[in-house]
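Note sheet for the following structure.
Please treat every number below as a calculation from the coordinates, not as lab data. Here the structure is a predicted model, which is why all the values come from computation and not from measurement. Here the Cβ positions follow ideal geometry from the backbone for every residue, glycine too, while neighbour counts run over all protein chains shown.
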Amino acid sequence: MEPLFSHGSRPEPSEEGHATPPPRVYRLAVPAPREIAFSAFVGDIHLWWPDSYTGFGATTHAYVEDGIIGEESELGESQVWGEVRAEEPPSFVEFAWTLAWRPDAPTRVRVEFDADPGSGEGTRVTFTHEGWARGAEGRDQYEKYNEWPVILGRYAAYFGVPADAVETVE
């Protein structure tokens, strides 16, 4: 029997429609000490970030400076991709990620740099993108940011590692 008043009991909404997508986690190893791997990710991002994943194309200059990750065109125009939320060189950097999304709904990108137990002087890099919104917006965010293996493949190639060495963990 249906309740007669709006405040009557109603069935619980489906959890599936409100679920948060899982984190996207990728891992790769680079043949460099942590300090260099970290520095290349943050300080040399303009050398390895693919032009096709920028707003300004081939003439862009990607950067991580003054608490911002973003890009600048050759005409001096800027596009903010996010903010640095935490950083502990050479261990990790964490961003509030808003590239091509609403600035008031950031996701979280964390990049960790650990000694690679499989090699004497290499670094294992773990990249995690999470913090999706709930429901449809979260699913849209999750689907939008699905090409990290391509981007991280360019980072791997910067160290002479094959792009396909990027492992999808989750």
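Below are the figures for this structure:
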| read-out | value |
| --- | --- |
| Top-ranked residue of the stretch 68-95 - restricted to ones that are within 19 Å of His46 (Cα to Cα) and small (Gly, Ala, Ser), ranked as farthest from the chain's Cα centre (by Cα) | Gly76 |
| Condition met for Arg110 (touching a residue at least 12 places away in the same chain (Cβ under 8 Å) and basic (Lys, Arg)) | yes |
| Unmet criterion (only one of (1) without any contact (Cβ under 8 Å) to a residue 12 or more places away in the chain; (2) under 26 Å from Pro21 (Cβ atoms); (3) in contact with a strand residue (DSSP E or B) (Cβ under 6 Å, 6 or more places away or on another chain)) for Ser78 | (2) |
| Test result for Arg124, in contact with a strand residue (DSSP E or B) (Cβ under 9 Å, 6 or more places away or on another chain), surrounded by 17 or more Cβ atoms within 10 Å (Cβ to Cβ) and charged (D, E, K, R) | yes |
| For Glu170: the one exception among (1) more than 14 Å from the chain's Cα centre (by Cα); (2) among the charged types (D, E, K, R); (3) part of a loop (DSSP other than H, G, I, E, B) | (1) |
| Every residue from the stretch 134-163 that is over 30 Å from Pro31 (Cβ atoms), touching a residue at least 12 places away in the same chain (Cβ under 8 Å) and within 15 Å of the chain's Cα centre (by Cα) | Gly138, Gln141, Tyr142, Lys144 |
| In the stretch 57-97, residue surrounded by the most Cβ atoms within 10 Å (Cβ to Cβ) [restricted to those that are small (Gly, Ala, Ser) and touching an Asp or Glu at 6+ places or on another chain (Cβ under 8 Å)] | Ala62 |
